[in-house]
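Everything on this sheet refers to the single structure shown next.
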Amino acid sequence: MRIRRPTVVVLSTLLAATLGTVTAPSTALGQPASALQTAVAEPNQVSGLTVTQADGYATLAWTPVEGATDYQIERTPVDAGNVATGPAVVVGVWRPNRQINNESPTFADAGFSPGDRFQWRVRARFDTTAQPYSTPVSGTTLSPWGDPNVPGESLRTQWETTKAAQYTSDVEEYAYTAEVDRLSERVRVVEIGRTVLNRPINMLVFGYPTPPTTAQAVAATSPLAINCNVHGNEPGDREACLVLARKLAFGKDAKTVDLLSHTTVLIVPTINGDGRAANTRGNSTGQDLNRDYSLIRQPETAAYVRMLRDYRPVAGYDGHEYGNSTAGDLPMLPPRHQNVAKQIFDESMDMIEGHMYVQGAKDGWWACPYGCEGGSGVGLSEETILRNTLGLKNTVNSLLELRSSGGQTRPDEGNSANNRRRKTYSAFWTFSQFLDYHRASLPAIKQARSEAIEFQASNTGRLVFRGSRPIPLHPAPHPGEAGPRDDLPEPEMILDNAPCAYKLTEEQYNGARTDGPGGVGATVAQRIAAHGWKVVKAADGYYVPLAQPERGLIPLLLDAQGAEEWVDGQRVYPTSTGRHNGPLSVSGFTCISGGTVNGPVTVRPGAVFIATGTTISGPVSATGAAGFFLANSTVRGPVQISGTTNAVSLVDNRISGPVALSVNNTGSDVPLLAGNAVSGPLSCSLNSPAPTNLGVPNQVNGPRAGQCAAL
Ligand SMILES: [Zn+2]
């Protein structure tokens, strides 16, 4: 559909619906709130209350009362003289399972209209018996981010201007992002694809002073990516992304400038524009797109996966809402699929528990594992879910689920505007923390990613088609006391003996498919290309080796044992695992796994050579091969690869001689040279395209020349 500028809508009737619900007023209208305070502390009275303002929320902190069961947070609107202008309302209930350090209780009060002024009080309860309220603290909350008198900063979303009565429409989103793009040098808006109904899928690319101009240049900055809205009826995160976009585009604060000087931030506000416009979970075909990121049957998911291939974010967040009134504010979950490299799982867990839990306890937000509080059917191992797909692409990441209702701990959210503001600003907090985590932890993230790529390319260990890693529980009574279900793999979902490659027939590879919209889908060849896997065409079929960075994902789509596969590819097992004495001449297909070659290896024209965990006394030379893959291996001699026609990959090898890659003309396949230790010189010349290291540097003891000079 054509996207046009919107008609302006007047909202006075909708705004009337935003008045708050009222519970137990304890301050009469017009009475100075401060008159209620007592001069001398009463028994069990909360003391030390402080209120700190932030974007869309206020952090309350206080000194705990011995023996308290929980605390109630009361908020009263006041004028500049701290005279109440409305009823006092209990807006929050603090419980011990909110945060990991109970000795310093905090609560993020949110839901109010930013910029309004309030008085807060906190009281302890012993069981249900209320104790005296604290001395009140008053403050003016922060107005929506951005000076209304500064161009750019003054932009506001439809959601903001209607005070959360309306979500930002598609046309308003396009107009807003176009204005952000026009007014800020730091932003480039890229259309990464179109929805089934032809809505643009935009991505905002942020850098300082300007964003890198190509996807490849962005990838070199170890970017991070936020996917804001895949389920169209879960809009809270998307509004946070749009406000965050304004702050990143125009914020002059040192933290924003520092972040964007060191990396690139990628924000996709709405991958599912059709579903958002219709307020449906799925896209216009009814497909749940968060069950399609591996299969990429839909144009929306295919667009996102191609973006991942080209921009290569090292870390990600995926925004959702969760219809569970008893969960925490911010359920989160790492990629759990057991084929995800342990390094990626561990670093994702560290981001959640080491960063989000810790910062949440400071700022008053309740992060917890998704799937806690009776959610045993959610947060499992489907590789079709972006969280797991990203993990299988070696990206540190988490799901974010905004608790959709106020629940028992936020009793003022019967008012839908208050509820929407709490959700959106809790997402704003999470995404801002995600930026902080990335800035502080990038060396650890890159290390995890490098080790994960090397592990995957080594093609070692069993394959699991479905099944999750357990999420160890955080010590009670803190977040995690009721964690997500274990979801261990069933025996029929495990393959202990991993093949070397899958072989596809012409029909499997290039044949027409009927699993896309309207029965017209991209071919397996096109989907493999979207994921960025290497494929070698040989006389007898198309080989997809497992010695690749996405080794954990490949079998899930090409093996008959996969739970949701594309095709039943033929498992091709290693042709050699033992010792070979003397020269080895390779023609046709050869795969060595854990072998030893006592002699030189010569790969003949048109041959496919794959070796993992193998020791070769060398030299190794390949001239005109169809495909050459070497991973986790040792070569005691020089390696020369030239004239390869389909694919070249050398990952995590120790090579004692010189390494030379020349005149490899591999079409769309980018030769991969990553994580190798080379004792001789490394030179690359006349390869098309030029080799990459995917951010995993090689250690070279000697000069580097030509296209490999920076690898
Ligand atoms: Zn969702």
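The values are calculated or read from the model by the stated rules, or taken from the named source; none is laboratory data. On a predicted model such as this, the values are computed, not experimentally measured, just so you know. Glycine gets a Cβ as well: all are built from the backbone with ideal geometry, and neighbour counts include every protein chain shown. Note: areas computed on protein heavy atoms with side chains; ligands, DNA, RNA excluded. Shrake-Rupley method; radii C 1.70, N 1.55, O 1.52, S 1.80 Å.
Listing for the model above:
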quantity: Gyration tensor (alpha-carbon) shape descriptor, the stretch 223-317, a/c threshold 1.5; calculated: oblate
quantity: Ranked packing of 507-513, 324-330, most packed first, by mean Cβ within 10 Å; calculated: 324-330, 507-513
quantity: Gyration tensor verdict on the stretch 566-711 (Cα atoms; rounded if a/c is under 1.5, prolate if a/b is larger than b/c, oblate otherwise); calculated: oblate
quantity: Cα principal axis extents for the stretch 370-417, largest first, Å; calculated: 41, 23, 15
quantity: Fraction of beta bridges assigned by DSSP in the chain that are antiparallel (%, nearest 5); calculated: 45
quantity: Accessible area, probe 1.4 Å, largest first, for residues Lys534, Lys446, Lys247, Lys252; calculated: Lys252, Lys446, Lys247, Lys534
quantity: Under the Karplus curve 6.51 cos²θ - 1.76 cosθ + 1.60, θ = phi - 60°, whole-Hz ³J(HN,Hα) for the stretch 594-600, x wherever Gly or Pro sits; calculated: x, x, 9, 10, 8, x, x
quantity: Reduced Cα scattering model of the stretch 439-593, Debye log10 I(q)/I(0), q = 0.11, 0.19, 0.20 Å⁻¹; calculated: -0.59, -1.25, -1.31
quantity: Hydrodynamic radius of the stretch 67-225 per Kirkwood, over alpha carbon pairs, in Å; calculated: 19.9
quantity: DSSP H segments from the chain that extend 18 Å or more along their own axis, Cα-based, with Kyte-Doolittle mean of -1.0 or above; calculated: 170-183, 236-250, 416-457
quantity: Whole-Hz couplings from phi, Karplus 6.51/-1.76/1.60, listed for the stretch 661-668; x for Gly and Pro; calculated: 10, 9, 6, 7, 10, 9, x, 7
quantity: ³J(HN,Hα) computed for each position of the stretch 571-579 - Karplus, 6.51 cos²θ - 1.76 cosθ + 1.60, integer Hz, glycine/proline x; calculated: 5, 10, 8, x, 8, 8, 10, x, 9
quantity: Stokes-Einstein D in µm²/s, Kirkwood radius over Cα pairs - the stretch 143-262 at 37 °C with 0.692 mPa s viscosity; calculated: 218
quantity: Under the Debye formula (equal points on every Cα, no solvent term), log10 I(q)/I(0) of the stretch 406-460 at q = 0.20, 0.29 Å⁻¹; calculated: -0.76, -1.02
quantity: For Arg123, net neighbour charge (Lys/Arg +1, Asp/Glu -1) across residues whose Cβ lies under 15 Å away; calculated: -2
quantity: Overall dimensions of the stretch 513-593 as given by Cα atoms, namely Rg and Dmax in Å; calculated: 15.5, 57
quantity: Whole-number Å³ per residue for the convex hull built on Cα positions in the chain; calculated: 154
quantity: Within the chain, helix-based [θ] at 222 nm, where runs of 4 or more DSSP H residues each add -39,500 (n - 2.57), nearest 500; calculated: -6500 deg cm²/dmol
quantity: Volume per residue that the Cα convex hull of the stretch 548-640 spans, once the total is divided by residue count, Å³; calculated: 97
quantity: Orphan Cys of the chain, criterion: no other Cys C-beta under 4.7 Å; calculated: Cys368, Cys372
quantity: Dimensionless Rg ratio for the stretch 617-701, taking C-alpha atoms and the 2.2 N^0.38 Å reference; calculated: 0.95
